[in-house]
Structure formats: structure tokens, C-alpha cells
Amino acid sequence: MPLNVTGKRGSLKVYLGYAAGVGKTFQMLADAHAAAQRVADVVIAYFEPHARPDTIAQAQSLEAIPHRKIEYRGKLFDEMDTDAVLQRNPNIALVDELAHTNIPGSERAKRWEDVQVLLDAGIEVWTTVNVQHIESLNDQIWQITGIQVRETVPDWVIRQAGEIVAVDVTPDALLNRLKRGAIYKPEMVKKALTGFFKGSNLGALRELALRQAAHEVDLRQTAYDESGAYQLPRISEARQGGVVDNQPKEHILIHITAEPSTAMLIRRGRRVADYLQGHCTALFVHRTPQLAELSTDEREAVEKHLRFARSLQIDTRVISAPDIPKAVVEYARQSKVTQIFVAQSKTGFRDRLRGGNFAESIVRLAQNLQVTVVADRTHKPVA
Amino acid sequence: MRISELPRPSPERLLKQVQAEESKRWGARLKIFLGYAPGVGKSYRMLDEARRRRERGEDLVVGALQGQQSEEVQAIVRNLEVIPPLGTPSGEAVDVESVLRRAPQVCVIDPLAAKNPEHSRNAYRWQDVQELLRNGISVLTSVNLLHVEEYKDKVQAITGKDTAETIPKSFLLAADEIVIVDVPPDLCLWRQGEKLTSTGISNQQERKLSELRELALLLTAEVVDAQLETYVHAHGIEPVFGTHERFLICMTPHSNALPMIESGKRNKERFQGDLYAVYVCEPGQSRKDGAKIRRYLEAAEEAGATTEVLESDEPTSAIVDFARQKRITQIFISHSRHDGWRDRLFGDPVLRLMRAAEGIDVRVFPH
């Protein structure tokens, strides 16, 4: 394996779109041609074999690293051959579909992890992703489209990018492409028209992508202003000095439970902390030191949530205390938390008589702190 | 200042309706390519689409072209039918009469923002475009952020460039389609003839372009949001929640609104979102608290909030109804000074709102 002689990490460029067929890959390849003319050594490290004909034409004059074939359940699957790309050691590697989940038996679970390996080796990577794959938007996407996206990329991976390019096309043009069969095979078109391509979905996803791109552009300006030269903006650290707009730095505390709604709480907390350029901590409180009050399932759920929080670069804390709401509020006071994030829990009249639900207890106890009760976005409100 | 049954249509929507009705009979559509600066490749994107439309059999002509053209653009234009503009000593104008006589399906006008020479048919080129649309001719056109009237000053503050040729923002909001042509600033500078640097912002010029780029992306998002609203209205479907953060501050006579207003302002800026503030009056309260209401409403408006006074003896449901109507994503409410018997009878108003605000975040502020 070649050594990263300069010791400098490769830079990342992300082509951000809002649906299949907007032209992310096409745009990336067109830019790669221009780069190749400027004597950059560009290779295609991974390219969807089912690509659109005009996209395939764009790819033809560029050097492509052969895919790795991996057998899974008797079928052959194409994956990026990360080792071969490292061997070839180009200036720029093009890697399509950042959010892709590798087939079992691959070295790494996610393609974005393979991309980290290339970046670590000092290779510049250009890649494509749709806005619905950004982890912290997962619940909003569900709320808007009714679709739960399983393949996600943590926000910090996108944040590493030195450059984001918004690839825009109007929904009308996209629907034309779809109906002409330029995006999916005919049997897939009908399915697409009832999914992401349905009704107002495309417009909503497009708006999200444009706003996300604007936000990413804004973060990079701040990072530039702070350093006087370009630096990678880091989540929560784009503004240094602990003071934003003469306000104390935001510190968001996310309360972890075994409840499935915790995942949504983590995503929302991450997103808000990110936008407010604050700090984020996830806290789990258990009553007994050995976690004896939890069933195996609950314990696994809590561990999963803590791992998920860490994967989004959120600090995690586990403490033991007899009274959970009281412990959360005390921790918040001691750690100078500015907002406590709790999930809205539905409870009946009877629970209220027995002392109310958890969110309400926190709100009652934390009278001098801000508490954000995060809504369950998977339920559409009844109009 | 009561909340009405149905949201009033915005001027943009009315304008759009008028334009849509005018051109619907003919199926004429306006598509705008927006760029944040010269060199992003708007003309190329637009003419490339023109080429593809021509190849698919659409009857397309070119009515106006930029003075300076890249080789790629020239290569495309050679294969298109061009209706030469009318030249006068003081400038060029689209030959509207010839285009109307030729009556193609689609006409390319590059760029959109231009002042026509004196004694032309219309004072501005965007009026020429409207005339073509009214006559059933679809238009593909391009515009730079600098030439959008409402952005002119902002762009000038960043780049020092000024222009006399602008189009109103409402023209963009009323377009059938808008597309942003986005490239990283370094590539944009390279196309303008600068040396290409590394990825990311590396000098002052790129920093400035990056600001323009952010403005253009947000402007496009705003247009897309307006289109979504129109779509939702036209199809009578549920409003779309959560594409864009919208904060609602609830002010009552017994709460301290100022910290909420300050935080609302910061959230609006950081999230590039919308801010609303409502003052909830229960019958009988309004007179006593008049001065306070005015002070809070003024402070909220200064912070950039759209304000409204809600009068209801059911404050919780009035707030939630308002929030749904405005597609609010987060409600700000503050603990109130306890006025004992009410809370004992009806429950803490904060808790009541938390229970009622399904699908919306509730942020509770200390008193």
C-alpha cells in the first residue's frame, strides 16, 4: 500500500442533489473532464453500472478502476475496490453514491467509510449524495414524504467536504426524464411515481437540498473568516471563542432512554446544536448501578442509542441516580446546559394523576432552564 | 388582527395566478436559470437545454444572446435558429415583432435583465418576455443575482458592482420554473480567467463569491417554497411541514417575552427561517395589559417577526391552529407567573400546549 507521503489528508467534494436523476453523477464527470484537462490525475473509483446512457458516455474517456465482485447469497455484487484505488493512488478519485451500504462480506459496512480510507491516504475524493441521506434530516424526510430512508450518512462526513456543489434541476424536467425512461427502467417508473417522485415531494426535497447547500456554504465562510485561510469546518466548532453573537455558547443536553423516539431526539439535537454552533451531550440516567431495572432489550436499545449519538460526534454520559428527572435537571445545571431536549411522550389521564409523564416532569423541575420537547415527526398531525 | 379562516393569498401568488391564467390557454411557460455571478455557466446550461429540446423536436428560436460567448456556447448556437435582435446606436432589443410572427414554441432570451433602447416596444426586456408568454411562446431565460432588484444593494455591498438593469423579484416568484446553476467559487473565478486554487475558500474573492452563492441558493429555496405553497393550494392537499424552520413565539401577559424574542431572532438568522410572534389575549385582559402588549409586539417586529394578536378564550387551541396554518416547526412558550386558581382548574398552560402541539417542537423558557 502506498504511503501518504505528504501526510496531508485528501480533500472531499460533495455533489448534493435531491433525487435520482437530477444529474449529480453527470455533473461530477463533466467537472472531472475539465480537471483532467488541467493535468489532474483523475480516476473513476466507483461508478454505478446501471447509469444513464449520457452519463456513461461522459465516463468513457476517464480511467476507471475495475470494481470488486463480491458474492453474497449466490449472486455477484459490484463494490468499490478500495485497495486497488489506494494502489493506483490518483490525485482525484470519483466515488458515486456516498450513502451506499456495502454488501455483507465487504471490508467496511458503508461506502462513506471507504471514502475515509481514501482521504486518509491523501487522495482527493469527489462524491455524490442526495439530501434525504443526511442523517439529521431523517425524521423531517419521513415527515415530508412518508418514506423512511435507511441508508444515511452522518452529518460530519458531509461537513468534512471542502466544497459542496448543489446540483439543481426543476421537478418538471426531472419528471420528464423519468417518464422518458432516462432515470429508471420502465417497471421501476411506476414505483418511483408513488414514492419520492410523488406530488409535492420533489419540491419539498429540492427546497431542503437548497437550504442545506446554503447552510454548508455559510459554514465554510465562517471557517474562512476565523482562520484567515481555508480550514475544514468542524461540527460545533465553526466559531471559536465560545461566544456566538454575544450569547453564551449553546449546550444541548439530549436525554437518552430505551424508547425508539430517542433516535429522533438525537438527530434533532445534533441538527439544532449544529445550526446554533453549540455543544451537544447525550445523557443516560439509570436507577441502579448494574442497570438491573432494565430488560435485556431495553439495555440493548440504550446501548444502541449511545453508539448512535457517538457516531454523530455527540459526547455521551451515563450516570446513576434514584430520581431520573431530578438527575437530568441537576446534571444540566452543573454542566451549564442551555437547553434540555426531551421526547414528547404520550400518556393517558391516569399517568398524569400519578405524577405526569417524563417530559412534563422535566419541564416542571427545570423552571429556570430551557426545555425543548421534541415532537414525534413520524405522526402526521390530523388537519 | 384576527386570524382569518383561510390564509390570504400573497401578492406573488396572485401575480402567478394572473400569469398562469393568461398563458394557460397556450401552455406557455417561463423557465429562469439563476446564477450568483458571471462565469457560473448559466448560458451554457440554458443553451444546452435548448439544444436538447430542439433535438426532441420542439420548435425553438433564439431571441437574444450575451455579447460575449464561450466556444461551447457558440458551438451550440450554430445549430439553432437565431432571430437577430434590433440594433440601434444605443443598444439592442429583442425583435419581438419578428418572434411573434415566427411564432415558435420556445424562445431563448439571454440575459433577461436588460433595459431596451429608447423608443423600443417595451422599456424593459422582461416586459418583452411577458409579451411572448401572453402570446403562447414559452421562454427560457437567464439572470444574475446582481440584476434582481431586491438583491442589488446586497450584491453591491459585497462586490462593489452596480447595475441599472434589474428585474423585480416578483418576476422570479411568478416563474413556472427556476433553476440555480451552482458551481464552487474557485471554478467560477477560473472561468473568469483566474488561476485555479485548491478546493475550499482560499482568498477574499472566493469569500465574496461564496456570499453571493449563499444568497442565490436561499433565493431559489424561497421560490421553490412559494411554488410548493401554490401546488398545495391548487391540489387541496395537506401543507408540507418541515422543509424550512418556522418559529412561533407565544406571548402572554403573564410571561416574559423578551428572552424568547432574542432567541427567536438568533434562531431565525441561524436557520434562515421565518419568525412569527403571537400575543394571546383572553377576553377581558386586553385593556389592562395594553402597554405591555404594544411593547412586546414592537420588540418582536424589530427582531424580524411577523406579529399577530389572537383573541380567544381557548388560547391553547388558538395557538395550535395558528401554528398549523403557518407550518410552524417550533413553538416558544414561557412559564407564566403562577396565577394559582386558573392552573388548578385548567392545568398549567405550558403543559396544555405541550400536549396539544402534536408534530411541533415546544421550547419552554424560564419565566
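The values are calculated or read from the model by the stated rules, or taken from the named source; none is laboratory data. On a predicted model such as this, the values are computed, not experimentally measured, just so you know. Cβ placement follows ideal geometry from the backbone for every residue including glycine, while neighbour counts extend to all protein chains displayed. For accessibility, only protein heavy atoms count, side chains too; no ligands or nucleic acids. Shrake-Rupley method; radii C 1.70, N 1.55, O 1.52, S 1.80 Å.
General remarks:
- Taking a Cβ cut-off of under 14 Å around B:L248, the surrounding Lys, Arg, Asp and Glu residues balance to a net charge of +2, with basic ones at +1 and acidic ones at -1.
- Pairing chain B with chain A buries about 6400 Å² of accessible area. This figure sums both sides and uses a 1.4 Å probe.
- Under-5 Å amide H pairs with B:F332, H placed in peptide plane, nonlocal only: B:L248, B:I249, B:C250, B:R363
- Separation of alpha-carbon centers, the stretch B:133-182 and the stretch A:320-343, rounded to whole Å: 50
- Residue-wise HN-Hα coupling along the stretch A:79-87, computed from phi with Karplus coefficients 6.51, -1.76, 1.60 (Hz; x: Gly, Pro): 9, 5, 8, 4, 4, 5, 5, 4, 4
- Antiparallel bridges, percent of DSSP beta bridges restricted to the stretch A:30-128 (to nearest 5): 40
- With respect to chain B, whose longest principal axis is taken over its alpha-carbon atoms, helix B:258-271 is tilted by about 30°.
- Considering only B:G57, B:V94, B:F33, the residue lying farthest towards the positive end of the dipole of chain B is B:F33, judged by Cα position with unit charges set on Cβ.
- Of all DSSP beta bridges in chain B, antiparallel share, percent nearest 5: 10
- Accessible area in square angstrom per residue, the protein assembly as shown, 1.4 angstrom probe: 44
- C-alpha long axis of helix B:290-302 to longest principal axis of chain B, angle in °: 30
- Inter-chain Cβ neighbour count for A:159-166, averaged per residue, equals 4 (cutoff 10 Å, partner chain atoms only).
- Net charge of the neighbourhood of B:G304, taken over other residues with C-beta under 12 Å away and scored Lys/Arg +1, Asp/Glu -1, is -2.
- C-alpha long axis of helix B:125-134 to longest principal axis of chain B, angle in °: 90
- Rounded to the nearest 10 Å², the accessible area of A:K185 at probe 1.4 Å: 130
- Among beta bridges identified by DSSP and lying wholly in chain A, the antiparallel ones come to about 15 percent.
- In the complete set of protein chains, residue-level accessible area for B:V232 is approximately 20 Å², probe 1.4 angstrom.
- Exercise: per-residue mean of other protein chain Cβ atoms within 10 Å, B:179-187: 5
- Most mobile listed residue (A:Y72, A:Y331, A:Y184) in chain A, GNM with C-alpha springs under 10 Å: A:Y72
- Of the cross-linked pairs A:K13/B:K31; B:K169/B:K265; B:K115/B:K152; A:K75/A:K185; A:K249/B:K265, those separated by over 18 Å at the C-alpha level are A:K13/B:K31; B:K169/B:K265; A:K75/A:K185.
- For the protein assembly as shown, a/c is not less than 1.5, where a ≥ b ≥ c are the root eigenvalues of the C-alpha gyration tensor, and a/b does not top b/c. That puts it in the oblate class.
- Burial of 30 Å² or greater, the stretch A:246-288 residues [accessible area, probe 1.4 Å, versus chain by itself]: A:Q247, A:E250, A:R268, A:Y275, A:L276
- For A:T372, the residues whose amide H sits under 5 Å from its own are A:I340, A:F341, A:V342, B:V364, ignoring neighbours fewer than 5 places away on the same chain, with H placed 1.01 Å from N.
- Summed side-chain charge close to B:E58 - residues other than B:E58 whose Cβ falls under 13 Å, Lys, Arg +1, Asp, Glu -1: +3
- Of the solvent-accessible surface of the protein assembly as shown, computed with a 1.4 Å probe and all protein chains present, 50% belongs to carbon and sulfur.
- Given a 1.4 Å probe and the protein chains as shown, A:R108 ends up with an accessible area of around 50 Å².
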